[in-house]
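*Asks:* Structure below; questions to follow.
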Amino acid sequence: MKITSFQVRCVIVPMPEPLRTASGTVGVSPLVLLTINTDAGVQGHSILFSYGLSAQKPLAELMRNLESVAVGQPLAPADLSSRLHGHFRMLGTEGLVGMALAGIDMAVWDAFARAHELPLSAMLGSSPRPVQAYAGVSYEGVLGSGQSAEKWARKGFKAVKAKIGYPTVAEDLAVVRAMRSAMGPDAAIMVDYNQSLNASDAARRLRVLEGEGLAWIEEPIVAHDHAGLVQLAAATTTPLQAGENWLGALGFRHAFDAGVRGLAMPDAMRCGGVTGWQQIAALGQLYGVALSNHFWPEVSAHLLCATPTAHWLEYMDWWNPILKEPLDVRDGMAYTSERPGSGMEFNEEAVQRYLV
């Protein structure tokens, strides 16, 4: 079975609610949709999120340009990943290039699993199983964060993560306690600073949050400051989380070698797609690091099933409007589709409505 063509489309999907963080606000989802076609009629799909509108069309154009490298190649994910990465040996595979390669990889794996009539998790050698999931709370202040946490609790979630990094640590603390009040004493509460603090401010704030029983504090400082993360981790009993901004398996190895251990969260678009995730899952097992995902819940639920140190699934419903059957989440657990592939199919009527 060989790849015959790409279909690349840009859509702008409205957010259910704007995503607010200490670093900025995102009001819409600029997405690039990829469908890979094969000579046997099997297709594979993936979604890329460009964060900003300015990067959406360049990302789409880059993926179209890579069609000529992939067309005529066998539907063999590992081989194609090596071929595409080798194509960029001189330029490098960071930024938009890495995103494009990850999108192709995810679509090829989807098609590969469909060709074998297996769910992606089974194609990766694991049994499909429920994965514990948490929901996100935006940068909404004390009242709004408490209300959002209560909303997710009513939907059966037993864990939530809030964006913090308010002008004062007292506000951060108040948000955490509002969510705790809404969710109950047994809920898992995570917080995310989105790299908004300097090292001294982070150390001070982590001391204040020390007694709140947080499941983790995410990216308090710049994510690539490995030494800084190690120092902060040594000064608190609260686990620190990072990884969404580390690029590829090599980025994770550098972090783990520097002593950043315990928790990490690969992002399928930034870590190299399914192929990159598998490499990181092996590193996580070797280094004893619990892995959660960042974004891409439909694909990531399958990946976590095949991850020896799987921890939490980050659930977000932003892209549900363009999916025929969004990820099944009940009572705080995500259930992977039993359909072949990742289970992700585009709702073509909605895609046409949001097309740009």
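The values are calculated or read from the model by the stated rules, or taken from the named source; none is laboratory data. Predicted model, so just to flag it, every value in this text is computed and none were measured. So basically every Cβ, Gly included, is an ideal-geometry build from the backbone, and we count neighbours across all protein chains shown. These area figures cover heavy atoms from the full protein model, side chains too; ligands, DNA and RNA do not enter into them. Shrake-Rupley method; radii C 1.70, N 1.55, O 1.52, S 1.80 Å.
*Asks:* With a bin width of 10 angstrom, please list the P(r) values of the stretch 98-210 as percents of all Cα-Cα pairs, from the 0 bin to the one holding the largest distance.
*Replies:* For the stretch 98-210, the pair-distance distribution reads 13, 31, 21, 22, 12, 1.
*Asks:* Would the stretch 227-283 count as rounded, prolate or oblate if I go by the C-alpha gyration tensor, calling it rounded below 1.5 in a/c and otherwise prolate when a/b exceeds b/c, oblate otherwise?
*Replies:* prolate
*Asks:* Mind ranking ARG207, ARG83 by accessible surface for me, highest first, 1.4 Å probe?
*Replies:* ARG207, ARG83
*Asks:* Of all DSSP beta bridges in the chain, what percent run antiparallel (nearest 5)?
*Replies:* Antiparallel: roughly 60 percent of the beta bridges in the chain.
*Asks:* Can you compute 3J(HN,Hα) from phi for each residue in the stretch 267-272, using the Karplus curve 6.51 cos²θ - 1.76 cosθ + 1.60 with θ = phi - 60°, rounded to whole Hz and x for Gly and Pro?
*Replies:* Values per residue, Gly and Pro as x: 10, 4, 7, 9, 9, x Hz.
*Asks:* Return the long-range amide H neighbours of VAL137 (sequence gap of 5 or more, or a different chain), with a cut-off of under 5 Å between placed amide H atoms.
*Replies:* Hits under the 5 Å cutoff: LYS161, ALA162, LYS163.
*Asks:* Report the accessible area of ASP105, computed with a 1.4 Å probe over the heavy atoms of all protein chains in place, in Å² rounded to the nearest 10.
*Replies:* About 10 Å², ignoring ligands and nucleic acids.
*Asks:* Separate question: Return a whole-number percent for the relative contact order of the stretch 149-254, with Cα pairs under 8 Å and 6 or more residues apart as the contact set.
*Replies:* Answer for the stretch 149-254 is 23 percent.
*Asks:* What lysines sit close enough to LYS163 to cross-link, taking a C-alpha to C-alpha distance under 23 Å and skipping anything fewer than 8 places away on the same chain?
*Replies:* In chain and number order, the partners are LYS151, LYS155.
*Asks:* As an exercise, use a Förster radius of 22 Å and the Cβ-Cβ distance of ARG353 and MET15 to find the FRET efficiency, rounded to the nearest 0.05.
*Replies:* Working from the Cβ atoms, E equals 0.90.
*Asks:* Rank GLY72, SER23, GLN7 by how far each Cα sits towards the positive end of the charge dipole of the chain (+1 on Lys, Arg Cβ; -1 on Asp, Glu Cβ) and give me just the farthest.
*Replies:* Ranked along the dipole, the leading option is SER23.
*Asks:* Counting Lys and Arg as +1 and Asp and Glu as -1, each charge on the Cβ, what is the dipole of the stretch 234-356 about the Cα centre in debye, to the nearest 20?
*Replies:* With Lys and Arg at +1 and Asp and Glu at -1, about 420 debye.
*Asks:* Applying 1/(1 + (r/R0)^6) with R0 = 30 Å to the Cβ-Cβ distance of ARG339 and GLN73, what FRET efficiency is obtained, to the nearest 0.05?
*Replies:* 0.75
*Asks:* Give me the number: length gained by fully extending HIS87 to ARG330, i.e. 0.36 nm times residue separation minus the C-alpha to C-alpha distance, one decimal in nm.
*Replies:* The span from HIS87 to ARG330 would gain 83.2 nm if fully extended.
*Asks:* Still on this structure, I have one more. Which order do LYS2, LYS158, LYS151, LYS163 take by accessible area at a 1.4 Å probe, largest first?
*Replies:* LYS158, LYS2, LYS151, LYS163
*Asks:* If you don't mind, there's one more thing I want to ask. For the stretch 83-240, what does the relative contact order come out to in percent, with C-alpha contacts under 8 Å and a separation of six or more?
*Replies:* RCO, the stretch 83-240: 15 percent.
*Asks:* Using only the alpha-carbon atoms, how far is helix 95-115 inclined from the longest principal axis of the chain? Give it as 0 to 90 degrees, nearest 10.
*Replies:* Compared with the principal axis, the helix lies near 60 degrees.
*Asks:* If you rank ARG114, ARG339 by how much accessible surface each has, with a 1.4 Å probe, what is the order from largest down?
*Replies:* Ranked from most to least accessible, the order is ARG339, ARG114.
*Asks:* Please work out the Kirkwood hydrodynamic radius for the stretch 143-200, using every pair of different C-alpha atoms, and report it in angstroms with one decimal place.
*Replies:* It is 11.7 Å.
*Asks:* Magnitude of the Cβ-charge dipole of the chain, K/R +1 and D/E -1, about the Cα centre, nearest 20 debye?
*Replies:* 140
*Asks:* Counting only Cα atoms, I'd like the Rg/Rh figure for the stretch 1-82, Kirkwood definition for Rh.
*Replies:* Reported Rg/Rh, Kirkwood definition of Rh: 1.09.
*Asks:* Taking the convex hull of the Cα atoms, report for the chain its projected area averaged over all directions, in nm².
*Replies:* Directional mean of the projected Cα hull area for the chain stands at 16.5 nm².
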